[in-house]
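Encoded as structure tokens, the structure appears first; notes follow it.
Nothing in this text is a laboratory measurement; each read-out follows from the coordinates by a stated rule. Note that the structure is predicted; figures quoted are calculated from it, not measured. All Cβ positions, glycine included, derive from the backbone under ideal geometry; neighbour counts span all protein chains shown.
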Amino acid sequence: MANSITLAEKFLPVIDDIYKNQSVTQILDNDTQVNFVGANKVQVLKTSTTGLGDYSRADGYPKGDVTATWETMTLSVERGKELSIDRMDNEETLGMAFGAVTGSFMREWVVPEIDVYRFAKYAGADGITKVSGTLTAENILSAIDEAKKQMDADEIPEEGRILFVNSDLQLLLNQSVSRCYGSDAAVNTIMGTYNGMQVVYVPSSRFITKVDLADGATGTGFARAEDAEDINFMLVYPGSVLQVQKFAMPKIFTPDENQDKDMWKFQFRLYHDCFVYENKAKGIYVNTAE
């Protein structure tokens, strides 16, 4: 199976680049080392301490406790797909068909599904701050300011907060800020940061509160749930979430290795999930459309 391994190594960097360029939730990935327990469970260490007390010159320091427990999280999303391309179709296009199809598959299906699943799960998590409203150019900045104010009140660290904004509201956000232009050769009105927060625009099809994942037999991909709400914006402190991929690897078989048909075969399996830490849920603020 040497050819299969070589091909997987050749195409995996292409697939990885597509994920990094196209996924909007990739920015929330971190280097947190997780402890896998069995096939589908992740353990994360949680610690807590007690507060200060009065120092006694007679008895010394007041006693305190440190609590360390393991929080167990279960991965629940295991997805996959097999694609086949006829040997001659690939030959006639100078070997481009195989790479084009796999790249298109990642861009059109895998990356959007990962994003929409993550946003929906964060929006439905317990303990987060969630409000709703109709945003206009006149009130969108005040709504974002309110989100920042609430996180400040909840003592969420300011550094690193990410402001995800529905792409449908990008024009409103641009119109909400007054600008003066001179004789600049190039003009860019897109807001990239706001009060120290990086702004990331999310395609509206991925920015919903609930999603249905097809089983592959009666349908494929994902669809908006009937009771889903549109998300206007979501303010996230990255330390509040954990994005885990236990297995994301393509298997590639040449027509000579494929025992069923004279075709190239591409198999992709993705085992992943995302979580909101119970004690850090206030690091997520969601504003949904009424």
Can you list residues from other chains, or at least 5 along the same chain, whose modelled amide H is less than 5 Å from the amide H of residue 211? 225
Report, by chain and number, residues whose modeled amide H sits under 5 Å from the one on residue 194, excluding near sequence neighbours (fewer than 5 apart, same chain). 199
Lys/Arg Cβ at +1, Asp/Glu Cβ at -1, dipole of the stretch 40-176 taken about the Cα centre: which of 55, 119, 172 is farthest positive-ward? 55
Rounded to the nearest 0.05, what FRET efficiency is calculated for residue 215 and residue 45 with R0 set to 25 Å and r the Cβ-Cβ distance? 0.10
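Can you pick out the pairs among 210/265; 121/261; 41/130; 121/149; 81/210 whose Cα atoms lie more than 31 Å from each other?
Numbers: 210/265 33 Å; 121/261 40 Å; 41/130 28 Å; 121/149 24 Å; 81/210 23 Å.
Over 31 Å apart, Cα to Cα: 210/265; 121/261.
Extension gain residue 251-residue 126, at 0.36 nm per residue separation less the Cα-Cα distance, in nm? Walk me through the numbers on the way to the answer.
On the way: separation 125, 0.36 × 125 = 45.00 nm, distance 3.74 nm.
Gain on stretching residue 251 to residue 126: 41.3 nm.
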What are the ³J(HN,Hα) couplings of the stretch 214-219, residue after residue, when phi is run through the Karplus curve with 6.51, -1.76, 1.60 and θ = phi - 60°? Round to Hz, x for glycine and proline. 5, 7, x, 9, 9, x
Residue 130 long-range amide H proximity, modeled H, under 5 Å: 286
